[in-house]
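To start, the structure under review is shown below, and the notes come after it.
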Amino acid sequence: MAAQRILVLGGGFAGLWSALAAARHLDQLGIGPDAIEVLLVNRDAFHAIRVRNYEPDLTPLRVPLEAVLGPAGVRWLVGEVDSIDPGARAVTVHTAAGPQLLAYDRLVVALGSQLLRPPIPGLAEHGFDVDTYPAAARLAQHLEALAQRSEAPGRFTAVVVGAGLTGIEAACELPARLRAVQARAGLSQPVRVVLVDHNPTVGSDMGAAARPVIEAALAALGVELRLGVRVNGLDGASIRFDSGEVLPAQTVLWCAGLRASPLTAGCGVETDGLGRLPVDADLRVEGLSAVFAAGDSARLALDDGHTSVMSCQHGRPMGRFAGHNAVCDLLGMPLLPLRIDWYTTILDLGPWGALYTEGWDRQVVATGETAKRTKRLINGERIYPPLTGDRAAILAAAAPVIQRPPPVQPQGRQP
C-alpha cells in the first residue's frame, strides 16, 4: 500500500514549521515515512528569513532546507506551484525536470504573500524592492554600482515608497548603506533618503503613541518625508508625484502593500481583501476538506476581534498548529485549536535603535538601544530553526505551543 502524504506548499515561516510540526507528531506516534510522508514544495532550496531583507548584510538570510528538513525526515522538492485542485486532492508543480502532479491526503497551503506592484509607469523597469532574497540582492548590487556611475542629480538619492513597517525599516538603513558605498569608493557626497506615502502620517497602523518615536528616529537619521502624495511614474533618473514634484533619484525602493499568493484564489473558496483563505481555529480552510492554511495565506479570527497579521509572529505558530492538526485530521485524532492572546510590534529603526510596542493599540514599552537588543534577539535567534542538525532539537522546536513575547527590559535612555 502506498504511503499517505501530507503536502506542504511553501518553505517560509509558516510552511517550514508546518512540515516540521507534522514530522514531530508522526515521530511521537511512531509513524514512519513509509506510512505517512511529509513533503514540502518550495520555489528554491532555502528557508528565507524574509523579514530581514532590508538589512545590508544578506549573508545569514537563507537557511538551506536540507539542513533542517533532512534531519527531521521531511522530503522537499524545488518547484513553482502552478495550481491547486482540492476536488482531485492534487497540486501541479513545475520543476526543473518538468511538471509534476502531486497527490495529497492532507494539504497545508503556506504560500505566503507577495508585494503588490501597481501598473505605475516605470516601476517594473526601474523600481527595486526587498520582497524576496533575489530582490534584496539586486538592490544591494545596484547600491554598490552607484559609486561607479558618473556624477548626476539623484545619484545618491534613494526614495522609499510605502511608510509602513518595511518601508520605515528600509529607509532607516539606507543613509548608512549609501555612505558605506561612498566610503568604499573613496567618495564623500551628500546622501539623501526620502520616505513617501499616500497617507498623511508615517506608520499609519502603529498608532498615536508610537508615531512620535518613529518620526524622531527618521529625523535623527536625516530621512525626509513626502506624505499625502502618490507616485505617478519613475524613469531610473527621477520619480514623479501627483503633487507635481519631480525628484531626481536613481534608487526607488517599493515597499507599498502585500497580497497573499494569487494561488489561493484557485482553491474554490472566497478569500478576503488580502487574498487570504479563511481558516477556523484548527487552521482548516473553511468549506474545504483535507486542506489547511497558515501564515500570510490564511485569515485566522483571533479571540479579541482582530485577525492574524502577515508576519512571522503569527505565521510561525499558525504553521506549527496546521502541521500538527494535519496529522491529527488524517488519523482521526482530536485537533488543537490555536489561541493567540498577545501581540507585539518591534520595529527596527536602523542606527537609531528600535521601537517595541505591546497590544493592538501599540503602547510603547521600549525604544532606542533597549528595544534594539530585543530586535536583534528576535531577528538573529528566535525566528530561526535550530541549525545544529540535531533531530531531537529540531522536532522539539516544532511543538504546537505559543511562545510568549520576548522579555522587555526597563525603558532606557533614547539615543
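Odds and ends about this structure:
- For THR157, the solvent-accessible surface computed with a 1.4 Å probe is close to 20 Å², ligands and nucleic acids excluded.
- Residue among ASP105, ASP131, ASP303 with the largest mean-square fluctuation in a Gaussian network model of the chain, springs linking Cα atoms under 10 Å: ASP303
- Inter-probe distance in nm under a simple model that places probes 7 Å from Cα toward Cβ, at ASN232 and ALA97: 5.4 nm
- ALA88 versus ASP303: modelled label distance in nm, points set 7 Å from Cα along the beta carbon direction: 4.2 nm
- Relative contact order, percent, the chain [alpha-carbon distance under 8 Å, six or more residues apart]: 19 percent
- Largest mean-square fluctuation among ASP282, ASP296, ASP242, in a Gaussian network model of the chain whose springs join Cα atoms under 10 Å apart, belongs to ASP242.
- Nearest-ten-degree value, helix 211-220 long axis tilted from longest Cα axis of the chain: 50 degrees
- ASP280/GLU245 FRET efficiency (R0 35 Å; Cβ-Cβ; nearest 0.05): 0.15
- For the chain, the mean residue ellipticity at 222 nm estimated from helices alone is -8000 deg cm²/dmol, where every DSSP H run of n ≥ 4 contributes -39500 (n - 2.57) and the total is divided by all residues, rounded to the nearest 500.
- Under the Karplus curve 6.51 cos²θ - 1.76 cosθ + 1.60, θ = phi - 60°, whole-Hz ³J(HN,Hα) for the stretch 83-89, x wherever Gly or Pro sits: 7, 10, 10, x, x, 8, 6
- Annotation for the stretch 60-125 versus the stretch 309-335: alpha-carbon center distance of 18 Å.
- Close amide-amide hydrogen proximity is noted between THR251 and THR157, VAL159, each under 5 Å apart and 5 or more residues distant or on a separate chain (H modeled in the peptide plane; Pro and chain starts excluded).
- Which of ASP272, ASP34, ASP304 is most accessible, then next, and so on - probe 1.4 Å: ASP34, ASP304, ASP272
- Here the chain has 53 percent of its accessible surface on carbon and sulfur atoms, given a 1.4 Å probe and all protein chains in place.
- A Förster radius of 25 Å combined with the Cβ-Cβ distance from ALA208 to ARG179 puts the calculated FRET efficiency at roughly 0.15.
- Among ARG230, ARG184, ARG362, residue whose mean-square fluctuation peaks in a GNM of the chain (springs only between Cα atoms under 10 Å): ARG184
- FRET E, pair GLU369, LEU77, Förster distance 51 Å, beta-carbon r, rounded to 0.05: 0.70
- Simple Cβ-charge dipole of the chain, Lys/Arg +1 and Asp/Glu -1, about Cα centre, in debye nearest 20: 820 debye
- TYR384 long-range amide H proximity, modeled H, under 5 Å: none
- Per-residue SASA entry for PHE128, accessible area with 1.4 Å probe, Å² rounded to 10: 20 Å²
- Under the Karplus curve 6.51 cos²θ - 1.76 cosθ + 1.60, θ = phi - 60°, whole-Hz ³J(HN,Hα) for the stretch 45-53, x wherever Gly or Pro sits: 8, 10, 8, 8, 8, 4, 5, 9, 5
- Rounded to the nearest 20 debye, the dipole magnitude of the stretch 1-152 is 240 debye, with +1 charges on Lys and Arg beta carbons, -1 on Asp and Glu beta carbons, and the Cα centre as origin.
- From the coordinates of this entry, Kirkwood radius over Cα pairs in Å is computed, and it appears in (1) 23.1; (2) 22.4; (3) 25.0 under the label (2).
- The stretch 161-217 shape via C-alpha gyration tensor axes, a/c threshold 1.5: prolate
- Options ALA96, ALA140, LEU65, ranked by Cα towards positive dipole end of the chain, top entry (Cβ charges): ALA140
- The mean accessible area for residues of the chain, using a 1.4 Å probe and ignoring ligands and nucleic acids, is 41 Å² per residue.
The values are calculated or read from the model by the stated rules, or taken from the named source; none is laboratory data. Fair warning: this is a prediction, and the values are worked out from it, not measured in the lab. Backbone-built Cβ (ideal geometry, glycine too); neighbour counts: all protein chains shown. Heavy atoms of the whole protein, side chains included, go into the accessibility calculation; ligands, DNA and RNA do not. Shrake-Rupley method; radii C 1.70, N 1.55, O 1.52, S 1.80 Å.
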